[in-house]
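Below is one structure, written out as structure tokens; the observations come after it.
The values are calculated or read from the model by the stated rules, or taken from the named source; none is laboratory data. All figures in this text were calculated on a predicted structure; none of them were measured in a lab. Here the Cβ positions follow ideal geometry from the backbone for every residue, glycine too, while neighbour counts run over all protein chains shown.
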Amino acid sequence: MTTEQNSPDADRPTDPAAAALYDALVTEHATIYGYGIVSAHSTPEDNYLVAQAMASHREQREALLRMLDRRSVTAPLTAPGYELPMKVDDPDDAANLALLMENDAAVAWRAVVEQTEDSEERAYAVAALTQSAVTAAQWKQILKVWPVTVPFPGGSE
């Protein structure tokens, strides 16, 4: 996962459901940043997937902002900088970064599913988790990684 260079948690809520939403937004901010790097190193044939993923994560970011606002939680801002978890110099590196970010997004959305009691938030989180799993499978196909899916995305089982 891309990590913030400065990561203050002073505004992170203590309520588990609100904290899961907060953490998901932090993950979405980092993922959107990371897809800029992925785009710069992807092949033209793979750029359709980059564009789709970036649009999806931007929409998810906006949804999270609304969810946090409804809970009167101060949303975390985009970090001034992010540190990549790996060197990205070619299309394979870019695809591996995208796969890692989708897996991280799945973890964040699964936490929302597990923590929220709000049926609308849970439904949205299930859809976002599913989208991350599908996009991860598409990146695995590009990388020729097997298996392309896992039984329980976002988990360690």
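In the set Pro147, Pro153, only one residue is at pLDDT below 95, over 21 Å from Ala40 (Cβ atoms) and within 18 Å of the chain's Cα centre (by Cα); that residue is Pro153. Any residue at all in region 120-143 that's assigned to a helix (DSSP H, G or I), among the charged types (D, E, K, R), more than 22 Å from Glu45 (Cβ to Cβ) and touching a residue at least 12 places away in the same chain (Cβ under 8 Å)? Yes, there is a match, as at least one residue in region 120-143 is assigned to a helix (DSSP H, G or I), among the charged types (D, E, K, R), more than 22 Å from Glu45 (Cβ to Cβ) and touching a residue at least 12 places away in the same chain (Cβ under 8 Å).
The numbered conditions (1) over 15 Å from His29 (Cα atoms); (2) of a type in the set (D, E, K, R); (3) within 12 Å of the chain's Cα centre (by Cα) are all true for Glu121 except (3). Condition test on Ser72, is it without any contact (Cβ under 8 Å) to a residue 24 or more places away in the chain and at positive phi? Yes, satisfied. Scanning region 63-92 for residues that are part of a loop (DSSP other than H, G, I, E, B) and of a type in the set (D, E, K, R) yields Arg71, Lys87, Asp89, Asp90. For region 89-107, filtered to residues that are hydrophobic (A, V, I, L, M, F, W, C) and either in contact with an Asp or Glu (Cβ under 7 Å, 6 or more places away or on another chain) or surrounded by 20 or more Cβ atoms within 10 Å (Cβ to Cβ) (or both), the residue that is farthest from Ala136 (Cα to Cα) is Ala94.
Answer yes or no: is there a residue in region 27-38 that is free of Cβ contacts under 8 Å to residues at least 60 places away in the same chain, farther than 17 Å from Leu100 by Cα and over 11 Å from the mean Cα position of the chain (by Cα). No, because not a single residue in region 27-38 is free of Cβ contacts under 8 Å to residues at least 60 places away in the same chain, farther than 17 Å from Leu100 by Cα and over 11 Å from the mean Cα position of the chain (by Cα).
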